[in-house]
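Working notes, beginning with the structure itself.
Just so it is clear, none of the values below were taken in a lab; they were calculated from the coordinates. Just so we're clear, the structure is a prediction, and the values are computed from it rather than from any experiment. Ideal geometry is used to build each Cβ from the backbone, glycine not excepted, and the neighbour counts take in all protein chains shown.
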Amino acid sequence: MKKILLVSLAFIMSAGFTSLVKAQSKYVINFESDAVGKVYSNVAWYATDVTSTVAANATGSTAQGANLLHVTCTNYGAATVFDVTLPAGYTVADITGVSFDLYFNNAYAGDQNFYKGCNYFFKAPGSTLSPSGTTGSVTNIIVNDPLQTWLTKSFVPTITDAAVLALNQFTFALGFSGGDGDFYLDNITFLLPSKCTPPAPSNSVPGVIVTKPGDAWGGANIILGNSASVWPWSTAATDGAVAFTPVQGATYHMTLNITSTGASGYRVRWIKAAGYGAWTTADNNAVGSSATFSTTQVSTTLPALATGVANGETDIYKLDFTMDGSQPADGLVGSIGIFGYQGSSAYTINTIQITDDAGCILVNYDASATTGIKDVNADKSQAYGIAGGIVVNVAASENVAVYTVTGQLVDQAVVVNSKTFAAAKGLYIVKIGAKAVKVAVK
């Protein structure tokens, strides 16, 4: 694979005329949610020059999807057209590269390497495209490549139209310089820079439940997702606050710093609710053959087990987990639980950090850090506690959620100007828009 490909797994969603995969650092056109036989529009001198039709993958490769785009053409200058909407906050100007998977069924004019270039179009939505009006072309992108073999090709587009560079939604077309051709396309990828602001280290992260000495069980829960419409194992009624909402199919990377005070090992497991013993049925069936992980080995499978830990030893572990959208309810997917080996609670979790493939920090738990949350009892323009409740004042309209300090959702609402939330005596985290504040109710 080319280095320009930054991530490899993401959630299949549909948008416009295409099946699009959205991840943190790329946007991919694939054809997984298209029906076999779907026909895509084309750029061509004549309507009969080219056809672009979704077909089942018969190439024998599992690196591509079950569906591919089958393109046949009889004239040069042909290209397939896609309507693209980038993730919110991105424009064409952010695209740092384009890559695609290509498979030649037969040769262009006897030798597919005779025509070595590809043509591309970046245009405003609804534009009329012509083979003579390309945005650019790339020469020698195909060089002595074999037939009936998947190739991954990439290029950096040159786009000079300022109006197009400012677009979030645009028309894209891709084709090759040859005449007669029969080939498959898949995973047309737009490379994007990551845009994320890492959270400050905190010992109170909503959706991350870390036990304390004397609690009924030891370890941590990292609650992921609270919508049963997205994840079959998750329900908003029981999950409450979430550490972050994962993307189906995406891979996340967890770094765990932990000190044993007697525990000889640790387990990381799939759970379906907060607490100890809430692991999924599939996890429970697989735990006896758990993959092992160590300070020198990254685990890529859950459930996972580390053993041989000495009392007083501090270790750093790395685990990758994939949110497999094909898993059924109670399967090998869910929230994440960290537990002591053989039920031991004799250990301290020092830090938990989770990042996505683009390196964006999503969870940044640090037991030694402050909460990172402003105490706003003195600032009654935002939120403050009263007897039996919390008053929230906003300038206009904001999404507001109230959590316990352990991350459980108490109440949420869209607040216009002011609202009082009922709350018992205690400390709460109040999230007002993107800002979190700590409030005491006496």
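For this structure, a couple of remarks:
- Built amide H within the under 5 Å cut-off of Ile188, gap 5+: Ile29, Asp101
- Rg/Rh ratio calculated on Cα atoms of the range 242-332 (Kirkwood radius): 0.97
- Annotation for Thr152 and Asn350: the two label points, set 7 Å from Cα along the Cα-Cβ direction, are 3.5 nm apart.
- Summary of packing: across the peptides 305-314, 29-38, the per-residue average of other C-beta atoms within 10 Å ranks them, highest first, as 29-38, 305-314.
- Peptide ranges 286-299, 70-83, 420-433 listed from the most packed, as the mean C-beta count within 10 angstrom indicates: 70-83, 420-433, 286-299
- Per-residue Cβ neighbour counts within 10 Å put Val54, Val363, Val39 in the sequence Val39, Val54, Val363, beginning with the fewest.
- Sorted from longest to shortest, the spans of the Cα atoms of the range 11-191 along the three principal axes equal 44, 34, 29 Å.
- Stretchable slack from Thr139 to Thr255, in nm (0.36 nm times residue separation minus alpha-carbon distance): 37.4 nm
- If the chain linking Asp180 and Ile386 were pulled fully straight, counting 0.36 nm for each residue of separation and taking away their Cα-Cα distance, it would gain 66.5 nm.
- Whole-number D in µm² s⁻¹ for the range 208-366, Kirkwood Cα-pair radius fed into Stokes-Einstein, 37 °C, 0.692 mPa s: 211
- Taking 0.36 nm per residue of separation and subtracting the Cα-Cα distance, full extension of the segment from Thr48 to Ala396 would add 119.6 nm.
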